[in-house]
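Novice: Below: one structure in structure tokens.
The values are calculated or read from the model by the stated rules, or taken from the named source; none is laboratory data. Note that the coordinates shown come from a computational prediction; the quantities given were computed from them, not determined experimentally. No Cβ is skipped: glycine too gets one built from the backbone with ideal geometry, and neighbour counts run over all protein chains shown.
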Amino acid sequence: MRKLFLALMSLNLLFIRVHADQTEFDLKETQGQFLDITYQGKLVGRYLISRDSALENRHEIVKPFLDLYDVQGTDAITEGPPKPGIFIGYEKLRVNGKIYDLWHMKDGDQIHQNFSSMKATPDSASFTSLVD
């Protein structure tokens with residue numbers, strides 16, 4: 001009985017160790033384009049950072065934003081421009097007496113510079129994007 005108990009404890013510890021080494025969340029950057037956030041191998045979010053300021057609809061696509069995906073990880077539920085997911089876009093931002101429109105991007109651009117932190121654990125994923 002003692003050998004069976006030790007064998008079961010060894011299997012249990014091996015199971016815990018194998019699963020503790022697996023990351024449920026993961027972050028993968030495609031340089032200059034986007035950062036994918038996955039959970040158990042399925043896409044749950046994509047932080048878009050690419051920009052093309054020459055396009056007519058530049059106000060829709062030059063700001064960094066986070067698209068969110070369905071539970072299968074195949075379809076964006078926020079559908080990108082013109083309905084971006086999560087982004088910072090104040091329409092009337094007043095600085096030193098001047099008003100900036102960061103919603104329509106008429107008075108300037110929001111440009112992703114780099115990621116100052118990226119962390120994925122079994123329980124969560126987080127990143128910090130520095131934007132000018």
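Novice: Restricting to region 97-131, count the residues that are of a type in the set (F, W, Y) and touching a residue at least 60 places away in the same chain (Cβ under 8 Å). Talk me through it step by step, then tell me what you get.
Specialist: Let us first name the residues in region 97-131 that are of a type in the set (F, W, Y), namely 100, 103, 115, 127.
Now restrict to residues that are touching a residue at least 60 places away in the same chain (Cβ under 8 Å): 115, 127.
Summing the residues that are of a type in the set (F, W, Y) and touching a residue at least 60 places away in the same chain (Cβ under 8 Å) in region 97-131 gives 2.
Novice: Any residue in region 32-51 that is farther than 14 Å from S124 by Cα sitting within a Cβ distance under 7 Å of a residue that is of a type in the set (G, A, S) and in a strand (DSSP E or B)? List the pairs, counting only those 6 or more apart or interchain.
Specialist: Going by the 7 Å Cβ cut-off, the qualifying pairs are Y47/S129.
Table: residues versus (1) of a type in the set (K, R); (2) surrounded by 13 or more Cβ atoms within 10 Å (Cβ to Cβ).
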| site | (1), (2) |
| --- | --- |
| E91 | no, no |
| K98 | yes, no |
| Q110 | no, yes |
| M118 | no, yes |
| S129 | no, yes |
| D132 | no, no |
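Novice: For region 92-132, how many residues meet the condition of being under 17 Å from the mean Cα position of the chain (by Cα) and of a type outside the set (K, R)? Please lay out each step first, then the result.
Specialist: Quick first cut of region 92-132, residues under 17 Å from the mean Cα position of the chain (by Cα) only: 110-131.
The next check asks that each one be of a type outside the set (K, R); those that pass are 110-118, 120-131.
So the count comes out to 21.
Novice: Going by the conditions given, is D26 at pLDDT 50 or above, within 25 Å of D123 (Cα to Cα) and among the acidic types (D, E)?
Specialist: Numbers: at pLDDT 50 or above: yes; within 25 Å of D123 (Cα to Cα): yes; among the acidic types (D, E): yes.
It is true that D26 is at pLDDT 50 or above, within 25 Å of D123 (Cα to Cα) and among the acidic types (D, E).
Novice: Just to be sure I understand, how many residues within region 51-95 are in contact with a Pro (Cβ under 9 Å, 6 or more places away or on another chain), of a type in the set (K, R) and at pLDDT 75 or above?
Specialist: 1
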